[in-house]
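To start, the structure itself, in structure tokens.
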Amino acid sequence: MLITFEGIDGAGKSTQIKKLAAHLRNQGDTVLTLREPGGTEVAENIRLILLESRHDITPVGELLLFSASRAELVNEVILPALKEGTTVILDRFFDSTTAYQGYGRGIDLPTLSSIIALSTGGLKPDITFYLDILPEEALIRKFSEKSIPLAFDNDELDRMERSGLDFYRKVYEGYGSIMQQEPNRFVSINARQSIQEIHTTIIRTLKEWSPEQHS
Ligand SMILES: Nc1ncnc2c1ncn2[C@@H]1O[C@H](COP(=O)(O)OP(=O)(O)OP(=O)(O)O)[C@@H](O)[C@H]1O
Ligand SMILES: [Mg+2]
């Protein structure tokens, strides 16, 4: 089973993935958690290029780097793991590309979806948890985590995080549109709830989830 987590930076994805993986392992499941971009040696190197704040990258360059990293991860790690019956939990997948490079950077959506299809070979998550929180609030979490003042030109931020609030607003709107197109795959959760409340909702949803209903 392939589970993905989506949401803007600071929404709480990594926090929830850690808790979910621990829960599933406790009940005896084999679980693999991965983050995008990254997860193979090549993909981790691409991650450094993408997130290093010194680099200026064009929107198309950015899209292709994310997609290259994704192709490596899908073929080298995710597909073999799924074949063995492992539960794979992904911290971001192609919906992030649609939201960030499509709605955020303005790359046209049909081109984008063919590049996504190429890089994933058509692989789709069984279920996607979307952690819903306004960019303003999520970024405040991010800034306070790093103990830095609220300013987007801070050296402590990665390249994506430095893109500014207007960019994040477009990404947030983008996620809204993406979810409307595939309501069966997405589970949207109010990410302003406590960490434990969100975790409980995720566990309950997975218990009730059955492949038959979604095929
Ligand atoms: N439900 C919550 N309520 C309050 N704070 C939270 C909640 N969930 C996570 N946080 C805190 O918000 C910060 C960001 O959380 P986290 O790193 O999990 O977000 P993320 O979605 O993985 O962000 P990124 O996309 O940048 O990796 C952390 O300091 C975390 O402890
Ligand atoms: Mg994270």
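Report the semi-axes of the equivalent ellipsoid for the range 2-207 in whole Å, largest first, where each axis is √(5λ) for an eigenvalue λ of the Cα gyration tensor. Each step should come with its number before you reach the end.
Working: eigenvalues 119, 92, 56 Å².
Values for the range 2-207, descending: 24, 21, 17 Å.
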Using 7 Å Cα-to-Cβ label points, what is the Gln181/Thr58 separation (nm, one decimal)?
-> 2.4 nm
Whole-Hz couplings from phi, Karplus 6.51/-1.76/1.60, listed for the range 82-87; x for Gly and Pro = 4, 4, 7, x, 6, 7
Which of the lysines could be linked to Lys19 by a straight reach, that is with a Cα gap under 21 Å, when you skip same-chain ones fewer than 8 residues away?
-> Lys142, Lys207
Interchain or sequence-distant (5+) residues whose placed amide H lies within less than 5 Å of the amide H of Thr33 are Ile89
What percentages, rounded to whole numbers, describe P(r) for the range 1-73 computed over all alpha carbon pairs with 5 Å bin width beginning at zero?
-> 3, 14, 19, 21, 21, 12, 6, 3, 1, 0
Apply the Karplus parameterisation 6.51 cos²θ - 1.76 cosθ + 1.60, with θ equal to phi minus 60°, to every residue of the range 119-131 and state each ³J(HN,Hα) to the nearest whole Hz, in sequence, with x for glycine and proline.
-> 6, 9, x, x, 5, 10, x, 6, 8, 10, 8, 9, 8
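Any read-out appearing in this document is the output of simple, stated calculations on the displayed coordinates, not a laboratory observation. Not measured: the values here are computed from a predicted model. Please note: Cβ atoms are built from the backbone with ideal geometry, for glycine as well, and neighbour counts cover all protein chains shown.
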